[in-house]
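Each remark here refers to the structure printed beneath this line.
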Amino acid sequence: MAETVTHEGTIIEINETTIKVKLLVLSACASCHAKNMCGAADQKDKIVDVPLQTAYYSYKTGDRVIVATQNRNALWAVFWAYLFPTILLISILIFSISYFQSEILPILLGLLSVIVYYLILYRFRKTLQRKFIFVISRKVEYR
């Protein structure tokens, strides 16, 4: 079985196609080795969409659940959100500094390239949401 990344969350909305889960930022994030690369540790209210399946029909708004995704999905998300734009920025800076005499133009080209990249990423967000799928692994039982 593939390794998974899990977060505890609360179901805030159920509609015809998805369940919206608000992830809880726990104090465990402070000691996690991946906290600097994880979007869940950076934001207070991270909401993920879980595709509705028949197994989830017993869930209701307010239920606390464990949401999971495959580890490789998390690594790809980190790559596309952080690593690739950094490589793009550095590459454009290196090549444009050797081409242009001015320093301001390479900086502007680098920033513009990253802005365009994130706009393209935003444009294809629906496609990415289909690729990075979350599932509800289990309900959190109160003791």
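Being open to solvent by 40 Å² or more (accessible area, probe 1.4 Å) and out of contact with any Ser or Thr (no Cβ under 7 Å at 6 or more places or on another chain) is the filter here, so list the residues in region 64-76 that pass it.
ARG72, LEU75, TRP76
Between a first residue in region 74-91 that is touching a residue at least 60 places away in the same chain (Cβ under 8 Å) and a second residue that is in a helix (DSSP H, G or I), which pairs have beta carbons less than 9 Å apart while being 6 or more apart in sequence or on different chains?
Note: no pairs meet the criteria.
Here is a yes/no grid of residues against (1) hydroxyl-bearing (Ser, Thr, Tyr); (2) closer than 30 Å to ILE47 by Cβ; (3) open to solvent by 70 Å² or more (accessible area, probe 1.4 Å):
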site: LEU88; (1), (2), (3): no, yes, no
site: SER96; (1), (2), (3): yes, no, no
site: GLN101; (1), (2), (3): no, no, yes
site: PRO106; (1), (2), (3): no, no, no
site: ILE120; (1), (2), (3): no, yes, yes
site: ARG123; (1), (2), (3): no, yes, yes
site: GLN129; (1), (2), (3): no, yes, yes
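Among the numbered criteria (1) within 17 Å of THR4 (Cα to Cα); (2) without any contact (Cβ under 8 Å) to a residue 40 or more places away in the chain; (3) in contact with a strand residue (DSSP E or B) (Cβ under 6 Å, 6 or more places away or on another chain), which single criterion is violated by VAL67?
All conditions are met except number (2).
Looking only at region 37-54, filter to residues that are more than 13 Å from the chain's Cα centre (by Cα) and open to solvent by 70 Å² or more (accessible area, probe 1.4 Å); which one of those is modelled with the lowest pLDDT?
LYS44
Is it true that THR61 is loosely packed, with under 12 Cβ neighbours inside 10 Å, touching a strand residue (DSSP E or B) at 6+ places or on another chain (Cβ under 9 Å) and at pLDDT 90 or above?
Working: loosely packed, with under 12 Cβ neighbours inside 10 Å: yes; touching a strand residue (DSSP E or B) at 6+ places or on another chain (Cβ under 9 Å): yes; at pLDDT 90 or above: yes.
Here the answer is yes, as THR61 does meet what is asked.
Kindly evaluate SER113 against the criterion of being of a type in the set (Gly, Ala, Ser) and either touching an Asp or Glu at 6+ places or on another chain (Cβ under 7 Å) or loosely packed, with under 12 Cβ neighbours inside 10 Å (or both).
Working: of a type in the set (Gly, Ala, Ser): yes; either touching an Asp or Glu at 6+ places or on another chain (Cβ under 7 Å) or loosely packed, with under 12 Cβ neighbours inside 10 Å (or both): no.
Against the criterion (of a type in the set (Gly, Ala, Ser) and either touching an Asp or Glu at 6+ places or on another chain (Cβ under 7 Å) or loosely packed, with under 12 Cβ neighbours inside 10 Å (or both)), SER113 does not qualify.
The values are calculated or read from the model by the stated rules, or taken from the named source; none is laboratory data. Quick caveat: nothing in here was measured; it's all calculated off a predicted structure. Neighbour counts run over all protein chains shown; Cβ positions are idealised from the backbone, glycine included. For accessibility, only protein heavy atoms count, side chains too; no ligands or nucleic acids. Shrake-Rupley method; radii C 1.70, N 1.55, O 1.52, S 1.80 Å.
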